[in-house]
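Scroll down for the structure; my scribbles are underneath it.
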Amino acid sequence: MSLLNTHTISLFVTNAPGVLSRISAVFARRAFNIDSLVVSPALDGKFSRMTITAVGDSKSLDQIIKQCSKLIDVISAQEYDGISILEKELALIKIKTSDKYRTEVLQVIQHIKATTIDLNDEAVVIQLTGNSEDLDSSIAMVEKYGIIEIVRTGKVLMTKGTDKT
Amino acid sequence: MTKKTTTGADVLLKVLENYGVQYIFGHPGGAAIPIFDALYDSPLELVLTRHEQGATHMADGFARASGKVGVVLVTSGPGATNTVTGLLTAMMDSVPMIVLCGQTIRENLGKDAFQEADVFSMTIPVVKHSYLVKDVNDIPRVMKEALHIATTGRPGPVVIDLPKDVTGADCTASLDVEVNLPGYTYQEKVDSQGIKALADLLKKSKKPLILAGNGCIISSAEKELATLVRTLQSPVITTLLGKGAFPENDPLSMGMLGMHGTAYANMAVDKCDLIFSIGSRWDDRITPGNIEKFCPDAMKLHIDIDPAEIGKIVNPDASVVGDAKLVLQELNKLVSELDSKEWVAQCQANKKKYPMKFKIHGGLKAQHVIDEFSNQTGGNAIVTTDVGQHQMWAAQFYKTQLPKGWISSGGAGTMGFGMPSAIGAQLAKPKACVICICGDGGFQMTLPELSTATVQNLPIKIVIIDNKFLGMVRQWQGLFYDNRLSGVELKGSPDFVKLAQAYGMKGFRIKRPADVSKVVAEALAYNDGPCIVHAEVVKEDNVFPMIPAGGTAGDMILEEPKKRMEKPKGST
């Protein structure tokens, strides 16, 4: 059994009902859990871009990618690693802010380059963007003040240069 | 009453007619009435079945015997869900099939309407592709795409879910619509570099072994395969579904490999220095659980039309994605005779030393009956089977000579497949001798289709190997579970000869070894309609050789073991 790693797969698919079901069925059949999934229309609205992150062994993932590629609705499916791609994720984080810690929290927020998008007596909602690993470490820094809720968009990616993803 | 307009259903049938479809296998129901109404005026012939599963297996048998697409028409809800077993069967064995399902009206979708089932979602894992048609003017395009997808590349089934108000609506779309499938590609060009790599590795082999699979049958590569085999002077083994790709009475044929393959095939696998799969997917009936133990010292070569099969089980030393026939045509230009005389002699010596055999005396044997059918037809019949002991004996003892002459549910292992698929095969090949070899268990799963065979007046010969047991499971319980027989004794089966008569068919019975030759000859000579040959065989015979699931050739047992065996580690 090979090591379990996080993999990021980008799929270019037809924008049609049922496409997501077909793709998730390929992952589910091998008991691969999808960590995050982002779907949005592509430049040409007939197609969609899908970015999936999932944890599993590489050999199984190769097979999953091949089986996704086989789907009639999938134009391309490819795994990407960090070297050739730009990747970003957005997170909204709701943090407790008592009078005692408010200043400290706001300082930390500034330090991690988050944007405050809502603030009241008991909580602050901040917005973070960056690559997923940076978001993880930023979130760790505010954790001790008490996180009420986190919503993350999941990773999106694009290749560098002029080539299409 | 004359019809004034052209409905979606009319157009749907017109596309099938223009494509060359002759038969539709189906069963009606409320949501499919507009399509059945259109059939009233269509030259397409409906084969009315007794159950939707039967319809799918008939379409499957038709497709495998003819190489053409099989078409099924059913209604919504249970009509559609009854096709799921047939879809899995076709998907696993790469059979081109279109399943048209009636569906509730669009307005009712998702509201638990009468006979509504979410067919689109529930069939996703068992189809090559599927459609839910929401606009009547999409019908020409969807039908053309479906036919294209089902029949090209690696063939497979396509489901089309058709709401009743869509098929019943007026259709104004042109039939001359273009197929537009940007996500669908398959290897059409020949990969010359890859083929050269195959040829280079072949040159070095002194102990080559060609493994012919279903891909050879689907691509009709039998001539090219024979040329390759004779040029190289390489022994050939086949998978269950590869039977017929190469004549099984040829001295270079080593028969079927795998769990119940011939001893000499499995010995060749163990000792070869190169194994070359042409259209086989190295499945778990022919490879051990630990794939490292599968011919460990041999080079592995692989041709497959489906890129997802390359490296799925075996990581090949060289591989080509493409159609077997086209690839072999090019490969044959690059190969010459190998230094394989010793190896061929060794394989042929094993063939003499460990022949497939059975004892003719001591009760009627299934093998005896099948062997007699093989001899009397010269291996030139189309044989369909169910799944289980009789299937393995048929694979071992029916020496298939015809490509597309062996029709069996390989991947799915579907009981009840044999008889309906024989109906489809006989419709595809009216002049062929079609024999269904089935067991008393599987036969009773789709038995109502006897009516369909009678109505169509097809001279299929249904050979029921009746051992009063679900024999393969009994064999496992006997060998690995201390003979604790559980759920395997089939009591209460009807008298199959009387059953034949009840359906207006001819019935034959074989009880004694001495009757085999005569009754087989009578059954083969009877062509006025379908007949049943009820072979009452010994109850507790087992299939050998056997490689326990997950094992290698080294684990093969050739006859009944004296001691209790360990439970196998592999799957069933």
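The values are calculated or read from the model by the stated rules, or taken from the named source; none is laboratory data. Just so it is clear, the model here is predicted, and its values are computed rather than measured. Heads up, the Cβs are rebuilt from the backbone with ideal geometry, glycines too, and the neighbour counts pull from every protein chain shown.
Structure above, values below:
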| quantity | calculated |
| --- | --- |
| Some residue of region A:69-80 being assigned to a helix (DSSP H, G or I) and either among the hydrophobic types (A, V, I, L, M, F, W, C) or on the phi > 0 side of the Ramachandran plot (or both) | no |
| In region B:504-521, the residues that are surrounded by fewer than 16 Cβ atoms within 10 Å (Cβ to Cβ) and under 23 Å from B:THR452 (Cα atoms) | B:GLY504 |
| Pairs with Cβ under 7 Å, 6+ apart, first in region A:42-71 and within 12 Å of chain B (Cβ to nearest Cβ) and closer than 14 Å to A:PHE27 by Cβ, second among the charged types (D, E, K, R) and surrounded by fewer than 17 Cβ atoms within 10 Å (Cβ to Cβ) | A:SER60/A:ARG30; A:ILE64/A:ARG30; A:ILE65/A:GLU79 |
| Selection from region A:137-153 of residues that are among the small types (Gly, Ala, Ser) and either free of Cβ contacts under 8 Å to residues at least 12 places away in the same chain or surrounded by fewer than 18 Cβ atoms within 10 Å (Cβ to Cβ) (or both) | A:SER137, A:ALA140, A:GLY146 |
| Region B:57-71, residues that are of a type in the set (A, V, I, L, M, F, W, C) and part of a loop (DSSP other than H, G, I, E, B) | B:VAL69 |
| Residue ranges of helices (runs of 4 or more DSSP H) in region B:410-518 with at least 2 members of a type in the set (A, V, I, L, M, F, W, C) and at pLDDT 95 or above | B:418-428, B:450-456, B:471-480, B:496-502 |
| Residue satisfying condition, being under 30 Å from B:THR123 (Cβ atoms), under 22 Å from the mean Cα position of the chain (by Cα), surrounded by 13 or more Cβ atoms within 10 Å (Cβ to Cβ) and touching a residue at least 60 places away in the same chain (Cβ under 8 Å), within set A:GLU79, A:GLU87 | A:GLU79 |
| Elements of type strands (runs of 3 or more DSSP E) in region B:95-212, at least 3 residues being of a type outside the set (A, V, I, L, M) and crowded, with 16+ Cβ neighbours inside 10 Å | B:97-103, B:129-132, B:157-163 |
| Test: residue in region B:156-179 that is at pLDDT below 95, within 14 Å of chain A (Cβ to nearest Cβ), touching a His at 6+ places or on another chain (Cβ under 6 Å) and farther than 17 Å from B:ALA55 by Cβ | yes |
| Close pairs from region B:121-132: first within 9 Å of chain A (Cβ to nearest Cβ), partner small (Gly, Ala, Ser) and part of a strand (DSSP E or B), Cβ under 8 Å, at least 6 apart | B:ILE124/B:SER130 |
